[in-house]
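In what follows, a structure is listed as C-alpha coordinates, so that the remarks can point back to it.
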Amino acid sequence: MDFSKDTELDAKGPEHPLLLSSQDSGRDDLDRLKIRDGELKTRRRKPFLTPRVRWQVAIFCCLFLGYFSIILCRVGTEVSLAAMTDDKQLEFTKFDAGTVLAYGNGAYIVGKMLSGAVADVFGGRRVMISALTAVVVFTSLFANVYTKLFFIGIFMINKIFMSSGWPALTKLVCVWFDEEHYGKVFSGMSMSSRSGGLASTFLLGGLLSAGLHWRVILYIAATVALCMMLLSACILRESPVELGLQASIKKPKDDFEGGNGHPLDKAGLTEALFYFARSPAFWCLGIANLFLTGCMEMQSILPLYFKDSLHLSPGHATLVASSFQAGAVASLLISGIVYDHIGPRARFLFLTCLLAISTGCLVILWRVPNIEASLAGVVVFVLGATISTPYYIPGGVFSMSFGGERYCSTLVSILDVFGYCASIAMDTIMGSMTWHDLFTAQVMSCVLALVFLGVFMGTKAAR
(Lines give C-alpha, C1' and ligand atoms only; values in the text may rest on other atoms or scores of the structure.)
Protein backbone atom coordinates (compact mmCIF):
# COMPACT_ATOMS: atom_id res chain seq x y z
CA MET A 1 0.00 0.00 0.00
CA ASP A 2 1.17 3.55 -0.79
CA PHE A 3 1.22 5.71 2.35
CA SER A 4 3.42 8.47 0.90
CA LYS A 5 0.49 10.81 0.09
CA ASP A 6 -1.07 10.46 3.54
CA THR A 7 2.29 10.97 5.22
CA GLU A 8 2.85 14.14 3.19
CA LEU A 9 -0.58 15.54 4.20
CA ASP A 10 0.05 14.77 7.87
CA ALA A 11 3.37 16.59 7.74
CA LYS A 12 1.79 19.70 6.20
CA GLY A 13 -1.10 19.77 8.69
CA PRO A 14 -4.66 20.88 7.94
CA GLU A 15 -4.96 23.46 5.23
CA HIS A 16 -6.94 26.71 5.57
CA PRO A 17 -10.33 26.49 3.84
CA LEU A 18 -9.62 29.66 1.86
CA LEU A 19 -6.56 27.97 0.33
CA LEU A 20 -8.41 24.88 -0.85
CA SER A 21 -9.05 26.01 -4.39
CA SER A 22 -10.08 22.52 -5.34
CA GLN A 23 -13.04 22.66 -2.95
CA ASP A 24 -14.15 26.28 -3.34
CA SER A 25 -14.10 28.54 -6.32
CA GLY A 26 -12.27 31.87 -6.37
CA ARG A 27 -15.59 33.72 -6.19
CA ASP A 28 -16.53 31.87 -2.99
CA ASP A 29 -13.19 32.84 -1.48
CA LEU A 30 -13.80 36.50 -2.32
CA ASP A 31 -17.30 36.41 -0.81
CA ARG A 32 -15.97 34.82 2.35
CA LEU A 33 -13.28 37.49 2.70
CA LYS A 34 -15.87 40.25 2.24
CA ILE A 35 -18.08 38.74 4.94
CA ARG A 36 -15.16 38.48 7.36
CA ASP A 37 -14.06 42.05 6.61
CA GLY A 38 -17.61 43.29 7.17
CA GLU A 39 -17.81 41.54 10.54
CA LEU A 40 -14.54 43.14 11.66
CA LYS A 41 -15.76 46.59 10.64
CA THR A 42 -19.02 46.03 12.52
CA ARG A 43 -17.10 45.08 15.64
CA ARG A 44 -14.92 48.17 15.36
CA ARG A 45 -17.96 50.42 14.96
CA LYS A 46 -19.73 48.99 18.02
CA PRO A 47 -19.67 51.71 20.74
CA PHE A 48 -17.95 51.00 24.01
CA LEU A 49 -20.76 52.77 25.93
CA THR A 50 -24.43 52.30 25.13
CA PRO A 51 -26.59 55.42 24.58
CA ARG A 52 -28.26 54.84 27.95
CA VAL A 53 -24.93 54.75 29.79
CA ARG A 54 -23.67 57.83 27.95
CA TRP A 55 -26.78 59.73 28.99
CA GLN A 56 -26.38 58.53 32.58
CA VAL A 57 -22.81 59.85 32.65
CA ALA A 58 -23.97 63.18 31.22
CA ILE A 59 -26.82 63.44 33.75
CA PHE A 60 -24.46 62.58 36.62
CA CYS A 61 -21.89 65.21 35.61
CA CYS A 62 -24.57 67.84 35.06
CA LEU A 63 -26.14 67.24 38.48
CA PHE A 64 -22.73 67.17 40.16
CA LEU A 65 -21.70 70.52 38.68
CA GLY A 66 -25.14 72.06 39.15
CA TYR A 67 -25.27 71.28 42.86
CA PHE A 68 -21.62 72.33 43.19
CA SER A 69 -22.59 75.78 41.86
CA ILE A 70 -25.47 76.02 44.36
CA ILE A 71 -23.02 75.28 47.18
CA LEU A 72 -20.67 77.90 45.72
CA CYS A 73 -23.39 80.57 45.91
CA ARG A 74 -24.42 79.47 49.41
CA VAL A 75 -20.87 79.67 50.71
CA GLY A 76 -20.38 82.95 48.86
CA THR A 77 -23.31 84.64 50.59
CA GLU A 78 -22.24 83.29 54.00
CA VAL A 79 -18.58 84.22 53.55
CA SER A 80 -19.55 87.71 52.40
CA LEU A 81 -21.34 88.41 55.71
CA ALA A 82 -17.99 88.70 57.50
CA ALA A 83 -16.71 91.15 54.87
CA MET A 84 -19.94 93.15 55.02
CA THR A 85 -19.27 94.07 58.66
CA ASP A 86 -16.09 95.85 57.49
CA ASP A 87 -17.77 97.63 54.58
CA LYS A 88 -17.86 101.36 55.39
CA GLN A 89 -20.74 101.92 52.98
CA LEU A 90 -22.97 99.70 55.12
CA GLU A 91 -24.13 99.93 58.70
CA PHE A 92 -23.90 96.19 59.13
CA THR A 93 -22.83 94.73 62.49
CA LYS A 94 -22.01 91.24 63.71
CA PHE A 95 -25.44 91.14 65.33
CA ASP A 96 -27.00 91.90 61.94
CA ALA A 97 -24.97 89.08 60.37
CA GLY A 98 -26.24 86.67 63.03
CA THR A 99 -29.81 87.83 62.40
CA VAL A 100 -29.46 87.24 58.66
CA LEU A 101 -28.09 83.73 59.27
CA ALA A 102 -30.86 82.88 61.75
CA TYR A 103 -33.63 83.93 59.35
CA GLY A 104 -31.85 82.12 56.54
CA ASN A 105 -31.73 78.88 58.52
CA GLY A 106 -35.45 79.12 59.21
CA ALA A 107 -36.14 79.72 55.51
CA TYR A 108 -33.95 76.75 54.62
CA ILE A 109 -36.12 74.44 56.74
CA VAL A 110 -39.28 75.83 55.13
CA GLY A 111 -37.73 75.26 51.72
CA LYS A 112 -36.82 71.69 52.60
CA MET A 113 -40.38 70.96 53.74
CA LEU A 114 -41.86 72.30 50.50
CA SER A 115 -39.31 71.47 47.83
CA GLY A 116 -39.55 67.69 48.17
CA ALA A 117 -43.24 67.59 47.33
CA VAL A 118 -42.73 70.19 44.58
CA ALA A 119 -40.01 68.07 42.95
CA ASP A 120 -42.22 64.98 43.11
CA VAL A 121 -45.08 66.85 41.41
CA PHE A 122 -43.24 68.89 38.77
CA GLY A 123 -40.18 66.71 38.20
CA GLY A 124 -36.52 66.96 39.10
CA ARG A 125 -35.43 68.71 35.90
CA ARG A 126 -37.85 71.62 36.23
CA VAL A 127 -37.07 72.12 39.91
CA MET A 128 -33.29 71.94 39.43
CA ILE A 129 -33.31 74.46 36.57
CA SER A 130 -35.70 76.73 38.49
CA ALA A 131 -33.49 76.50 41.59
CA LEU A 132 -30.35 77.41 39.64
CA THR A 133 -32.12 80.30 37.92
CA ALA A 134 -33.42 81.69 41.20
CA VAL A 135 -30.02 81.28 42.89
CA VAL A 136 -28.39 83.28 40.08
CA VAL A 137 -30.99 86.06 40.38
CA PHE A 138 -31.06 86.37 44.17
CA THR A 139 -27.31 85.98 44.65
CA SER A 140 -26.85 88.86 42.21
CA LEU A 141 -29.53 90.90 44.00
CA PHE A 142 -27.83 90.24 47.34
CA ALA A 143 -24.72 91.91 45.91
CA ASN A 144 -26.71 95.03 44.97
CA VAL A 145 -28.62 95.99 48.14
CA TYR A 146 -27.61 98.28 51.00
CA THR A 147 -30.42 97.88 53.56
CA LYS A 148 -30.53 95.25 56.29
CA LEU A 149 -34.20 94.48 55.68
CA PHE A 150 -33.51 93.70 52.03
CA PHE A 151 -30.47 91.63 52.98
CA ILE A 152 -32.67 89.47 55.23
CA GLY A 153 -35.48 89.11 52.68
CA ILE A 154 -33.24 88.24 49.73
CA PHE A 155 -31.12 85.88 51.84
CA MET A 156 -34.25 84.01 52.99
CA ILE A 157 -35.67 83.64 49.46
CA ASN A 158 -32.28 82.51 48.18
CA LYS A 159 -32.05 79.90 50.93
CA ILE A 160 -35.48 78.52 50.03
CA PHE A 161 -34.42 77.96 46.43
CA MET A 162 -31.02 76.60 47.46
CA SER A 163 -32.75 73.99 49.61
CA SER A 164 -34.63 72.62 46.60
CA GLY A 165 -31.46 71.51 44.79
CA TRP A 166 -30.93 68.32 46.79
CA PRO A 167 -34.52 66.95 46.47
CA ALA A 168 -34.45 67.66 42.72
CA LEU A 169 -31.11 65.89 42.43
CA THR A 170 -32.47 62.89 44.36
CA LYS A 171 -35.48 62.70 42.06
CA LEU A 172 -33.36 62.58 38.91
CA VAL A 173 -30.93 60.03 40.36
CA CYS A 174 -33.85 57.78 41.34
CA VAL A 175 -35.42 57.98 37.88
CA TRP A 176 -32.25 57.63 35.82
CA PHE A 177 -30.20 55.00 37.66
CA ASP A 178 -30.80 51.35 38.53
CA GLU A 179 -31.37 50.58 42.20
CA GLU A 180 -28.28 48.37 42.38
CA HIS A 181 -26.14 51.46 41.66
CA TYR A 182 -27.78 53.85 44.14
CA GLY A 183 -24.91 53.67 46.63
CA LYS A 184 -22.12 54.68 44.27
CA VAL A 185 -24.20 57.31 42.45
CA PHE A 186 -25.43 58.97 45.65
CA SER A 187 -21.91 58.79 47.06
CA GLY A 188 -20.73 60.75 44.03
CA MET A 189 -23.47 63.33 44.50
CA SER A 190 -22.54 63.67 48.16
CA MET A 191 -19.00 64.43 47.04
CA SER A 192 -20.45 67.42 45.20
CA SER A 193 -21.68 68.80 48.52
CA ARG A 194 -18.45 68.09 50.40
CA SER A 195 -16.01 69.14 47.70
CA GLY A 196 -18.19 72.13 46.86
CA GLY A 197 -18.06 73.38 50.42
CA LEU A 198 -14.31 72.80 50.69
CA ALA A 199 -13.39 74.33 47.33
CA SER A 200 -15.78 77.26 47.73
CA THR A 201 -14.42 78.16 51.15
CA PHE A 202 -10.81 78.18 49.95
CA LEU A 203 -11.55 79.80 46.58
CA LEU A 204 -13.86 82.58 47.74
CA GLY A 205 -11.98 83.09 50.99
CA GLY A 206 -8.75 83.37 49.02
CA LEU A 207 -10.27 85.93 46.66
CA LEU A 208 -11.47 87.99 49.62
CA SER A 209 -8.02 87.78 51.19
CA ALA A 210 -6.53 88.92 47.88
CA GLY A 211 -8.51 92.14 48.16
CA LEU A 212 -11.56 91.53 45.96
CA HIS A 213 -14.75 93.22 47.13
CA TRP A 214 -17.41 90.94 48.58
CA ARG A 215 -19.88 92.07 45.90
CA VAL A 216 -17.46 90.90 43.19
CA ILE A 217 -17.20 87.53 44.93
CA LEU A 218 -20.97 87.11 44.71
CA TYR A 219 -20.99 88.06 41.02
CA ILE A 220 -18.37 85.38 40.34
CA ALA A 221 -20.43 82.74 42.15
CA ALA A 222 -23.61 83.82 40.32
CA THR A 223 -21.82 83.64 36.95
CA VAL A 224 -20.72 80.06 37.62
CA ALA A 225 -24.29 79.14 38.61
CA LEU A 226 -25.60 80.79 35.42
CA CYS A 227 -23.31 78.63 33.29
CA MET A 228 -24.47 75.51 35.13
CA MET A 229 -28.11 76.52 34.68
CA LEU A 230 -27.64 76.81 30.91
CA LEU A 231 -25.83 73.47 30.86
CA SER A 232 -28.63 71.84 32.85
CA ALA A 233 -31.28 73.25 30.52
CA CYS A 234 -29.48 71.66 27.57
CA ILE A 235 -28.65 68.25 29.08
CA LEU A 236 -31.06 67.31 31.85
CA ARG A 237 -34.07 65.14 30.99
CA GLU A 238 -36.81 63.98 33.34
CA SER A 239 -36.38 60.29 32.51
CA PRO A 240 -34.66 57.95 30.04
CA VAL A 241 -38.08 57.04 28.63
CA GLU A 242 -38.29 60.54 27.09
CA LEU A 243 -35.33 59.60 24.90
CA GLY A 244 -36.63 56.16 24.01
CA LEU A 245 -34.20 54.47 26.41
CA GLN A 246 -34.86 51.68 28.88
CA ALA A 247 -36.31 52.77 32.23
CA SER A 248 -34.25 52.21 35.36
CA ILE A 249 -34.48 48.79 37.00
CA LYS A 250 -35.85 48.57 40.55
CA LYS A 251 -35.97 45.71 43.02
CA PRO A 252 -39.45 44.27 43.69
CA LYS A 253 -40.88 45.27 47.08
CA ASP A 254 -41.91 42.50 49.45
CA ASP A 255 -44.96 44.40 50.74
CA PHE A 256 -46.37 45.05 47.27
CA GLU A 257 -48.57 42.54 45.48
CA GLY A 258 -48.48 44.29 42.12
CA GLY A 259 -45.34 42.67 40.77
CA ASN A 260 -42.29 44.85 40.09
CA GLY A 261 -43.95 48.17 40.90
CA HIS A 262 -43.78 50.23 44.08
CA PRO A 263 -46.55 50.49 46.71
CA LEU A 264 -46.55 54.30 46.37
CA ASP A 265 -46.76 54.48 42.57
CA LYS A 266 -50.48 55.33 42.66
CA ALA A 267 -50.68 56.79 46.17
CA GLY A 268 -51.49 60.39 47.05
CA LEU A 269 -49.24 62.58 49.17
CA THR A 270 -51.25 61.98 52.35
CA GLU A 271 -51.12 58.22 51.82
CA ALA A 272 -47.37 58.41 51.27
CA LEU A 273 -46.85 60.38 54.49
CA PHE A 274 -48.84 57.81 56.49
CA TYR A 275 -46.87 55.05 54.77
CA PHE A 276 -43.63 56.67 55.98
CA ALA A 277 -44.97 57.32 59.48
CA ARG A 278 -45.97 53.66 59.93
CA SER A 279 -42.46 52.47 59.17
CA PRO A 280 -40.07 51.86 62.11
CA ALA A 281 -37.18 52.18 59.64
CA PHE A 282 -38.23 55.75 58.84
CA TRP A 283 -38.18 56.82 62.49
CA CYS A 284 -34.93 55.01 63.27
CA LEU A 285 -33.17 56.63 60.33
CA GLY A 286 -34.69 60.04 61.09
CA ILE A 287 -33.42 59.95 64.69
CA ALA A 288 -30.04 58.61 63.55
CA ASN A 289 -29.85 61.44 61.02
CA LEU A 290 -30.65 63.93 63.79
CA PHE A 291 -27.70 62.79 65.91
CA LEU A 292 -25.39 62.39 62.91
CA THR A 293 -26.07 65.95 61.78
CA GLY A 294 -25.26 67.16 65.27
CA CYS A 295 -21.88 65.45 64.97
CA MET A 296 -21.30 66.76 61.44
CA GLU A 297 -21.99 70.30 62.64
CA MET A 298 -18.87 70.03 64.80
CA GLN A 299 -16.77 70.75 61.72
CA SER A 300 -17.94 74.38 61.71
CA ILE A 301 -16.42 75.05 65.13
CA LEU A 302 -13.23 72.98 64.79
CA PRO A 303 -11.10 75.97 63.61
CA LEU A 304 -12.05 77.90 66.75
CA TYR A 305 -11.36 74.86 68.93
CA PHE A 306 -7.87 74.35 67.48
CA LYS A 307 -7.17 78.07 67.77
CA ASP A 308 -8.08 78.08 71.48
CA SER A 309 -6.77 74.71 72.62
CA LEU A 310 -3.67 74.35 70.45
CA HIS A 311 -2.92 78.11 70.28
CA LEU A 312 -2.71 78.06 66.49
CA SER A 313 -3.10 81.04 64.20
CA PRO A 314 -6.54 81.35 62.54
CA GLY A 315 -5.10 80.31 59.18
CA HIS A 316 -3.26 77.29 60.60
CA ALA A 317 -6.31 76.25 62.63
CA THR A 318 -8.50 76.42 59.52
CA LEU A 319 -5.99 74.33 57.59
CA VAL A 320 -5.96 71.61 60.26
CA ALA A 321 -9.77 71.62 60.47
CA SER A 322 -10.10 71.37 56.67
CA SER A 323 -8.74 67.82 56.86
CA PHE A 324 -12.28 66.86 57.92
CA GLN A 325 -13.59 67.78 54.47
CA ALA A 326 -10.65 66.05 52.79
CA GLY A 327 -11.38 62.86 54.72
CA ALA A 328 -15.05 63.04 53.78
CA VAL A 329 -14.26 63.37 50.06
CA ALA A 330 -11.71 60.53 50.20
CA SER A 331 -14.19 58.27 51.96
CA LEU A 332 -17.05 58.96 49.56
CA LEU A 333 -14.81 58.09 46.60
CA ILE A 334 -14.86 54.41 47.54
CA SER A 335 -17.61 53.87 50.12
CA GLY A 336 -20.45 53.99 47.58
CA ILE A 337 -18.87 51.19 45.53
CA VAL A 338 -18.39 49.11 48.68
CA TYR A 339 -21.98 49.78 49.80
CA ASP A 340 -23.42 48.50 46.51
CA HIS A 341 -21.36 45.31 46.44
CA ILE A 342 -21.97 43.96 49.95
CA GLY A 343 -25.03 42.36 51.51
CA PRO A 344 -27.28 43.63 54.33
CA ARG A 345 -25.26 42.05 57.15
CA ALA A 346 -21.99 43.36 55.76
CA ARG A 347 -23.53 46.84 55.41
CA PHE A 348 -24.60 46.69 59.04
CA LEU A 349 -21.05 45.85 60.14
CA PHE A 350 -19.54 48.36 57.71
CA LEU A 351 -21.58 51.34 58.92
CA THR A 352 -21.48 50.51 62.63
CA CYS A 353 -17.71 50.01 62.51
CA LEU A 354 -17.29 53.38 60.80
CA LEU A 355 -19.35 55.10 63.50
CA ALA A 356 -17.42 53.27 66.22
CA ILE A 357 -14.19 54.70 64.77
CA SER A 358 -15.83 58.16 64.61
CA THR A 359 -16.69 57.87 68.29
CA GLY A 360 -13.08 56.96 69.04
CA CYS A 361 -11.85 60.06 67.18
CA LEU A 362 -14.19 62.29 69.18
CA VAL A 363 -13.01 60.65 72.40
CA ILE A 364 -9.39 61.46 71.46
CA LEU A 365 -10.24 65.12 70.84
CA TRP A 366 -12.27 65.14 74.07
CA ARG A 367 -9.70 63.51 76.37
CA VAL A 368 -6.48 64.87 74.81
CA PRO A 369 -6.94 68.66 74.68
CA ASN A 370 -3.22 69.35 74.12
CA ILE A 371 -2.85 67.07 71.12
CA GLU A 372 -0.16 67.88 68.55
CA ALA A 373 -1.40 69.81 65.53
CA SER A 374 -0.22 67.18 63.04
CA LEU A 375 -1.88 64.36 65.00
CA ALA A 376 -5.03 66.47 65.35
CA GLY A 377 -5.16 66.80 61.57
CA VAL A 378 -4.93 63.01 61.19
CA VAL A 379 -7.67 62.44 63.79
CA VAL A 380 -9.97 64.96 62.12
CA PHE A 381 -9.27 63.41 58.70
CA VAL A 382 -10.28 59.98 60.01
CA LEU A 383 -13.34 61.51 61.70
CA GLY A 384 -14.48 63.07 58.43
CA ALA A 385 -13.82 59.86 56.51
CA THR A 386 -15.73 57.60 58.90
CA ILE A 387 -18.75 59.77 59.68
CA SER A 388 -19.54 60.99 56.14
CA THR A 389 -20.52 57.61 54.71
CA PRO A 390 -23.13 56.82 57.42
CA TYR A 391 -24.40 60.39 57.16
CA TYR A 392 -24.94 60.52 53.39
CA ILE A 393 -25.40 57.11 51.80
CA PRO A 394 -28.01 55.20 53.89
CA GLY A 395 -30.44 58.13 53.92
CA GLY A 396 -30.16 58.76 50.19
CA VAL A 397 -30.45 55.10 49.20
CA PHE A 398 -33.37 54.54 51.58
CA SER A 399 -35.21 57.62 50.27
CA MET A 400 -35.01 56.41 46.67
CA SER A 401 -35.81 52.78 47.48
CA PHE A 402 -38.52 53.27 50.12
CA GLY A 403 -40.04 56.42 48.63
CA GLY A 404 -39.83 55.16 45.06
CA GLU A 405 -39.73 57.37 41.98
CA ARG A 406 -43.02 58.98 43.03
CA TYR A 407 -42.07 60.25 46.52
CA CYS A 408 -38.29 59.95 46.90
CA SER A 409 -37.86 63.75 47.00
CA THR A 410 -40.50 64.12 49.71
CA LEU A 411 -38.84 61.48 51.86
CA VAL A 412 -35.31 62.84 51.50
CA SER A 413 -36.59 66.32 52.39
CA ILE A 414 -38.27 65.06 55.57
CA LEU A 415 -35.08 63.29 56.64
CA ASP A 416 -33.11 66.47 55.94
CA VAL A 417 -35.49 68.44 58.17
CA PHE A 418 -34.67 66.04 61.03
CA GLY A 419 -31.00 66.79 60.55
CA TYR A 420 -31.31 70.51 60.01
CA CYS A 421 -33.27 70.95 63.25
CA ALA A 422 -30.36 69.28 65.04
CA SER A 423 -27.97 71.59 63.21
CA ILE A 424 -29.79 74.70 64.44
CA ALA A 425 -29.95 73.32 67.99
CA MET A 426 -26.23 72.53 67.96
CA ASP A 427 -25.33 75.97 66.59
CA THR A 428 -27.41 77.52 69.38
CA ILE A 429 -25.81 75.66 72.28
CA MET A 430 -22.20 75.42 71.05
CA GLY A 431 -21.41 79.00 71.95
CA SER A 432 -22.59 78.60 75.56
CA MET A 433 -20.79 75.32 76.39
CA THR A 434 -17.23 74.65 77.48
CA TRP A 435 -15.09 72.59 75.14
CA HIS A 436 -15.20 69.64 77.55
CA ASP A 437 -19.00 69.69 77.75
CA LEU A 438 -19.31 70.18 74.00
CA PHE A 439 -17.20 67.13 73.19
CA THR A 440 -19.09 65.14 75.81
CA ALA A 441 -22.31 65.96 73.96
CA GLN A 442 -20.67 65.07 70.64
CA VAL A 443 -19.54 61.66 71.89
CA MET A 444 -23.02 60.91 73.24
CA SER A 445 -24.57 61.99 69.92
CA CYS A 446 -22.26 59.71 67.97
CA VAL A 447 -23.04 56.73 70.23
CA LEU A 448 -26.78 57.31 69.89
CA ALA A 449 -26.40 57.68 66.11
CA LEU A 450 -24.59 54.34 66.05
CA VAL A 451 -27.40 52.66 68.02
CA PHE A 452 -30.27 54.03 65.92
CA LEU A 453 -28.48 53.50 62.61
CA GLY A 454 -27.69 49.93 63.65
CA VAL A 455 -31.36 49.31 64.44
CA PHE A 456 -32.32 50.87 61.10
CA MET A 457 -29.92 48.62 59.17
CA GLY A 458 -31.54 45.62 60.84
CA THR A 459 -35.02 46.49 59.58
CA LYS A 460 -36.54 44.85 56.54
CA ALA A 461 -37.01 48.17 54.72
CA ALA A 462 -33.27 48.93 54.84
CA ARG A 463 -32.24 45.72 53.05
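The values are calculated or read from the model by the stated rules, or taken from the named source; none is laboratory data. Predicted model, so just to flag it, every value in this text is computed and none were measured. No Cβ is skipped: glycine too gets one built from the backbone with ideal geometry, and neighbour counts run over all protein chains shown.
GLY403 versus (1) without any contact (Cβ under 8 Å) to a residue 40 or more places away in the chain; (2) part of a helix (DSSP H, G or I): which is the lone unmet condition?
(1)
I'd like to know if the range 120-129 contains one or more residues that are in contact with an Asp or Glu (Cβ under 7 Å, 6 or more places away or on another chain), assigned to a helix (DSSP H, G or I) and not small (Gly, Ala, Ser).
The answer is yes; a qualifying residue exists.
List the number of the failed condition for HIS311; all other conditions in (1) within 24 Å of MET444 (Cβ to Cβ); (2) of a type outside the set (A, V, I, L, M, F, W, C); (3) without any contact (Cβ under 8 Å) to a residue 40 or more places away in the chain hold.
Every condition holds for HIS311 apart from (1).
Do the conditions hold for SER335, that is, is it assigned by TED's automatic domain parsing to the domain that holds VAL378, within 30 Å of HIS436 (Cα to Cα) and touching a helix residue (DSSP H, G or I) at 6+ places or on another chain (Cβ under 7 Å)?
No: the conditions fail for SER335.
Give the number of residues within the range 73-96 that are modelled with pLDDT of 75 or more, surrounded by fewer than 21 Cβ atoms within 10 Å (Cβ to Cβ) and among the small types (Gly, Ala, Ser).
The number of residues fulfilling the criteria is 1.
Identify, by number, the condition in (1) buried (at least 18 other Cβ atoms within 10 Å of the Cβ); (2) outside any helix (DSSP H, G or I) that HIS311 doesn't meet.
Single failed check for HIS311: (1).
Within the group MET113, MET156, MET191, which residue is within 18 Å of PHE64 (Cβ to Cβ) and aliphatic (A, V, I, L, M)?
MET191
Would you check which residues across the range 430-445 are loosely packed, with under 14 Cβ neighbours inside 10 Å and touching a residue at least 12 places away in the same chain (Cβ under 8 Å) and list them?
If the condition is that a residue be loosely packed, with under 14 Cβ neighbours inside 10 Å and touching a residue at least 12 places away in the same chain (Cβ under 8 Å), then HIS436 is the only one that fits.
Looking only at the range 120-138, decide whether some residue is of a type in the set (Ser, Thr, Tyr), modelled with pLDDT under 90 and out of contact with any Ser or Thr (no Cβ under 8 Å at 6 or more places or on another chain).
no
Can you pull out every residue in the range 365-382 that is closer than 23 Å to LEU453 by Cα and in contact with a Ser or Thr (Cβ under 6 Å, 6 or more places away or on another chain)?
Listed by number, the residues that qualify are VAL380, PHE381.
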